[in-house]
1. With a ≥ b ≥ c taken as the square roots of the eigenvalues of the C-alpha gyration tensor of region 3-168, please select rounded if a/c is under 1.5 and otherwise prolate if a/b is larger than b/c or oblate if it is not?
2. What are the GluC sites (Glu not before Pro) within region 332-428 that DSSP puts in a loop, where the Cβ has at most 15 other Cβ atoms within 10 Å?
3. What's the ranking of 349-357, 233-241 by average number of surrounding C-beta atoms within 10 Å, highest first?
4. What does the charge count near Ser121 come to, summing +1 for each Lys or Arg and -1 for each Asp or Glu among other residues with Cβ under 13 Å from its Cβ?
5. Compute the normalised compactness of region 193-425: alpha-carbon radius of gyration over 2.2 N^0.38 Å, N being the residue count.
6. Report Rg (one decimal) and Dmax (nearest whole number) for the chain, counting Cα atoms only, units Å.
7. Taking the number of other C-beta atoms within 10 Å as the exposure measure, put Asp76, Asp55 in order starting with the fewest.
8. I'd like the trypsin sites (Lys or Arg not before Pro) in region 77-179 restricted to DSSP loop residues with at most 12 other Cβ atoms within 10 Å, sorted by number.
Amino acid sequence: MNISEFQADLERSTARIEEMSKGINNMDSLQKAIGAKSDWVAQAAEQLAGSGGIDSVLRQIRQQEDAIKTAAESLDRPARALVDFAARLDEFAIKSQEVFQAATSTVALEAARVKLMGAKSGQLKTIQSALKGLDRTIKPFAGKRFNETKKRLKLDQMAAQQRLAESTAPAGATLQFDPTVPGIRPRLGHLHPITQTIEELKDIMGRLGFTVAEGPEVEDQWHNFEALNISPEHPARDPLDNFYLATAAKTTGPNGKDTDAPDKGWLLRSQTSTVQIRVMEKTKPPVRVISLGRVYRPDTADATHYPMFHQIEGLLVDTNVTMADLKSVLRLFASSLFEDNVHVRFRPSFVPFTEPSVEVDMSWQGGWMEIAGAGMVDPNVLRAVGYDPEEVTGFAFGVGIERICMGRHGITDIREFFKNDVRFLEQF
Ligand code: DAH
């Protein structure tokens, strides 16, 4: 059977099992469907030998699983537990099969055997312990499936052993390298979802004429606060709300001013608004930039907070810039990002470096989602960088990138982004 015949066969058996699942109405018919599916998995594993087609097989398995699961919904709890248990076995079996087949040395094969089937702490052992917790009514059937899987795995492992023994056997063979043996496919990764979002944001804002500016993550008081019209007694400067650098306590700030206390020193920037100042100090108006990057705040990590997160900052300064411009840009921004004709609304707010300031919501799934803080650049800020507020006006906005990414993908916990769990990351 070649690979395309195999694929067709896969689809046929999936259709058969979906058909069969429609008739599930008691434990007997459920067990029959699970049995048929597991047989199919075993057969698929056989065919799979070296074809590298595990992804499509897993996809088909899941489709079959869904059909059985939907049918089992109407049955009792033990029946549903049985479906889950069988699914776990099947997935484990086919993945182990692939691991055994991919082993290129006896050492690697033995390591795989211990990891998967080791008597003490192999993964199969964990599945076996789950068996204990199952309801009495389904235990015999689940036990039988477990034993069959275990037997099959043993056979697969022995076959792999045989294969390796043959390939290294000196018996008249000089062939150590067989170019017809399929290679091992390296696992390809992809960009982190936050990076993907950042790239997309740059793209969208780029189309609106905004170029990208960068700024340092270690900042001084001037750029993080003073030039942004945040006075020394403002609570945003509280040492408890910022990561001040201990080593900076007795150094000279980059703006040339002596600093003698931790709260006068350098800090990890708490916002990307710092880059507004850095850009305006260096360029004459008109200015049209965005800046994207990490910011830091000593928040306790929970579902919506993390001590490090990402922001995108936008700044436009020119003659006759108004809030209407701000609103148009933010609406285009939100529409492009969410690929929808979204509405944007402003709520009054207070931010020291913009006047007036607003919080920006966009229409989202029947409600409103807050996406940004924004406003017209405060004249004090323009003066701080040497611009004349009588000549130019501007708008600025700041957006949390994690929040955007979570909204789009329905992610409910910000901590997921930073756990580096491939099972989470590979979904995006
Ligand atoms: N920097 C603000 C924050 O971190 C967000 C923000 C609000 C940025 C208003 C702006 C703005 O540019 O105009 O919460």
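Only the coordinates and a few stated rules stand behind these numbers; no lab work does. Note that this is a predicted model, so its numbers are computed, not measured. Backbone-built Cβ (ideal geometry, glycine too); neighbour counts: all protein chains shown.
1. Oblate is the answer for region 3-168, as a/c is 1.5 or above yet b/c matches or exceeds a/b.
2. Glu339, Glu390, Glu391, Glu426
3. The most tightly packed comes first, giving 349-357, 233-241.
4. Taking every other residue near Ser121 into account, the sum is +4.
5. 1.01
6. When restricted to Cα atoms, the chain yields Rg and Dmax of 30.3, 92 Å.
7. Ordered from fewest to most neighbouring Cβ atoms within 10 Å, Asp76, Asp55 come out as Asp55, Asp76.
8. Lys120, Arg136
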